[in-house]
Amino acid sequence: MGQIKGLYKLSRPMSTLSGVLAVVLGGYVARTGEWSKIVLAALVTMIVSASANAWNDYLDLEIDRINQPQRPLPSGQVQPRTAYVFSLTLAILSLVMATFINLPSFLIVLAANALLYIYSLRLKSTVLLGNATVAFISATSVMYGGVAAGNVMPTLWLAAIIMVAIMGREVLKTLADYEGDLAQRVRTVATVWGRRWARVVFYVLVGMSVIMMMTPYLFRVYRPVYAYVVALGVYPVVFYIALRVTRERAGPQLERLSQLMKYDFMIWFLAVVLGAAG
């Protein structure tokens, strides 16, 4: 039971929730009614994310001994080889399941698996390129919902917004992981450019995402309720996080702000659902 519980934690199901909801959101705005394929695509996304999480933890064992010692691998709940096999099995399962949606969906899942594996192996320890990779894959999730539903065009607005916002969150995470990354000589925007410039990049990306979030309303893609929810529900949390990201904040505090930023996306998802209704 301990091993199973460890694998469950290794997959980090709660961290996959935003990606799963993004797929459903993409299928919703596509408005084709292909819900069986949309739900299957959401399940495939959850499995791909779980596989990537396990692979990332497998490679980051030494770093996590410093940054996240409570995780399954550094705590000894799961053995490294078990994590490797678990990740590979999930990746294969996601490919098999994607074949039941359509060919474009299968190709997207194949590319996503490959890119996530390369990210953890090589791209993660790069200045901004690794962050951009995660942001791109996150943006692809909402497009994947549209592809599964058979109408990708309405998802492009959302993908652009998600790309910039997730990029900002990824830079924030480099600030949270600064100590462990520095000890292991991991090249990130925070360790190479310094924490001050990492904060500047974070503020720029947050500012861009704040502006971009309002564009679907300004171009009359969504109804006014979208703007109300974004202005009253999303923006206050974003501004609070921006104010709290200061040089005095320690890694765990910044990690909590990163998690709060992730949950704020859920409010934005609600804004999209309400704005696109009717």
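Kindly point out which whole DSSP H helices in the chain project their C-alpha atoms 15 angstrom or further along the helix axis while averaging a Kyte-Doolittle hydropathy of 1.0 or above.
Counting only whole DSSP H runs, the qualifying helices are 13-30, 80-98, 103-121, 129-149, 156-176, 195-218.
What number comes out for the charge environment of VAL78, summing +1 per Lys or Arg and -1 per Asp or Glu over other residues with Cβ under 10 Å away?
Neighbourhood net charge equals +3.
Within the set of other residues whose C-beta is less than 9 Å from the C-beta of LEU10, count the net charge using Lys and Arg as +1 and Asp and Glu as -1.
+2
Can you compute the modelled spin-label distance between VAL204 and ARG31, with each label point 7 Å from Cα toward Cβ, in nm?
Roughly 3.7 nm, to one decimal.
Can you list, bin by bin at 5 Å, the percent of alpha carbon pairs in the chain, starting at 0?
All Cα pairs considered, the percentages come to 1, 6, 12, 16, 18, 17, 14, 10, 5, 1, 0.
Please sort 159-168, 137-146, 234-243 by packing, taking for each peptide the average over its residues of neighbouring beta carbons within 10 angstrom, highest first.
Final packing ranking: 137-146, 159-168, 234-243.
Which net charge results for the neighbourhood of GLU255, defined as the other residues with beta-carbon distances under 14 angstrom from its beta-carbon, given Lys and Arg at +1 and Asp and Glu at -1?
For residues surrounding GLU255, the net value is +3.
Scan the chain and report its longest stretch carrying no trypsin sites (Lys or Arg not before Pro) that are both in a DSSP loop and have at most 10 other Cβ atoms within 10 Å.
Within the chain, the longest run free of exposed trypsin sites (Lys or Arg not before Pro) spans 1-184.
Take THR89 and LYS262, extend 7 Å from each Cα along the Cα→Cβ direction, and tell me the distance between the two endpoints in nm.
2.4 nm
Quick note: the coordinates plus some simple rules give every number you see, no bench work behind them. Not measured: the values here are computed from a predicted model. With ideal geometry, Cβ positions are generated from the backbone for all residues, glycine too; neighbour counts draw on all protein chains shown.
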